Amino acid sequence: ETGVTQSPTHLIKTRGQQVTLRCSSQSGHNTVSWYQQALGQGPQFIFQYYREEENGRGNFPPRFSGLQFPNYSSELNVNALELDDSALYLCASSLASSGIETQYFGPGTRLLVL
Amino acid sequence: KQEVTQIPAALSVPEGENLVLNCSFTDSAIYNLQWFRQDPGKGLTSLLLIQSSQREQTSGRLNASLDKSSGRSTLYIAASQPGDSATYLCAVRNTGGFKTIFGAGTRLFVKA
């Protein structure tokens, strides 16, 4: 196990609703990244947080937003859900200053938008 | 723009066979390359990480190589076992960047 946990494991929402997904990083890691993985595809980078600040973002609209807390846990918020938001959402933590930057992934949250 | 391609998309082999999974990337200015394993419906497990200055990494029956000049990496699995059945993902992080770019993966099935 990686020590990275995510909640909830599964979630069903309807179009237009809002959702919050949570991630608890591995102890001592100050960087968290979020990814969206559609069925049969590789994960797509959403954004990264380092010490509570967003320091990089992929090609996702502003309705995808995040937070990182002082204890380095993190949230991914998605507003105005669309059917295409149905996917596995993965978070990954790393120790940015290590120079190795292996990312440790959580088990993911599977979101279904109806 | 970095693009990562994995070939083949799917592979079925008998138990005991040695096999090679391929990964290619378009921009050689990478910070590192990482191979992951993903079981159905699960998160990703890191297998091997190769820094840009390295040529290969080994862990048990796994060996990963990196050739930046040609934009290629291979994952070699020796003496495959049914428990190796999973999707294998290749991911690169560009120099000076924060994004990790993934390939679509190779689905491996090892028959007993």
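The values are calculated or read from the model by the stated rules, or taken from the named source; none is laboratory data. Note that the coordinates shown come from a computational prediction; the quantities given were computed from them, not determined experimentally. Methodologically, a virtual Cβ is constructed for each residue, glycine included, from the backbone with ideal geometry; neighbour enumeration extends over all protein chains shown.
Take segment A:16-37 and flag every residue that is aliphatic (A, V, I, L, M) and modelled with pLDDT of 95 or more.
Hits for segment A:16-37 are A:V19, A:L21.
Every residue in segment B:5-32 that is more than 15 Å from A:G40 (Cα to Cα), in contact with a Phe, Trp or Tyr (Cβ under 9 Å, 6 or more places away or on another chain) and surrounded by 15 or more Cβ atoms within 10 Å (Cβ to Cβ), please. Give the steps one after another, and end with the answer.
Let us first name the residues in segment B:5-32 that are more than 15 Å from A:G40 (Cα to Cα), namely B:12-32.
Then keep just the ones that are in contact with a Phe, Trp or Tyr (Cβ under 9 Å, 6 or more places away or on another chain); that gives B:12-13, B:18-21, B:23.
The answer is B:V13, B:L19, B:L21, B:C23.
With respect to A:Q41, is the statement that it is more than 10 Å from every other protein chain (Cβ to nearest Cβ) and closer than 30 Å to B:S52 by Cβ true?
Judged against the criteria, A:Q41 is not a match.
So that you can scan it fast, the table gives a plain yes or no per residue for (1) surrounded by fewer than 21 Cβ atoms within 10 Å (Cβ to Cβ); (2) more than 8 Å from chain A (Cβ to nearest Cβ); (3) assigned to a loop (DSSP other than H, G, I, E, B):
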{"position": "B:Q34", "(1), (2), (3)": "no, no, no"}
{"position": "B:G41", "(1), (2), (3)": "yes, no, yes"}
{"position": "B:S46", "(1), (2), (3)": "yes, no, no"}
{"position": "B:Q57", "(1), (2), (3)": "yes, yes, no"}
{"position": "B:A64", "(1), (2), (3)": "no, yes, no"}
{"position": "B:S69", "(1), (2), (3)": "yes, yes, yes"}
{"position": "B:A79", "(1), (2), (3)": "yes, yes, yes"}
{"position": "B:C90", "(1), (2), (3)": "no, yes, no"}
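Please pick out the residue among B:A29, B:A104, B:A112 that is among the aliphatic types (A, V, I, L, M) and farther than 24 Å from A:N59 by Cα.
Only one candidate passes the filter, namely B:A112.
Look at segment B:92-107 and say how many of its residues are crowded, with 21+ Cβ neighbours inside 10 Å and within 20 Å of B:K42 (Cβ to Cβ).
Residues meeting the conditions: 5.
Just to be sure I understand the filter: pairs with C-beta atoms under 7 Å, separated by 6 or more residues or on different chains, first member in segment A:100-113 and more than 7 Å from chain B (Cβ to nearest Cβ), second member of a type in the set (D, E, K, R). Which pairs pass?
A:L111/A:K13; A:L111/A:D85; A:V113/A:K13; A:V113/A:R15; A:V113/A:E82; A:V113/A:D85
Within segment A:18-52, restricting attention to residues that are part of a strand (DSSP E or B) and of a type in the set (A, V, I, L, M), which residue is surrounded by the most Cβ atoms within 10 Å (Cβ to Cβ)?
A:V32
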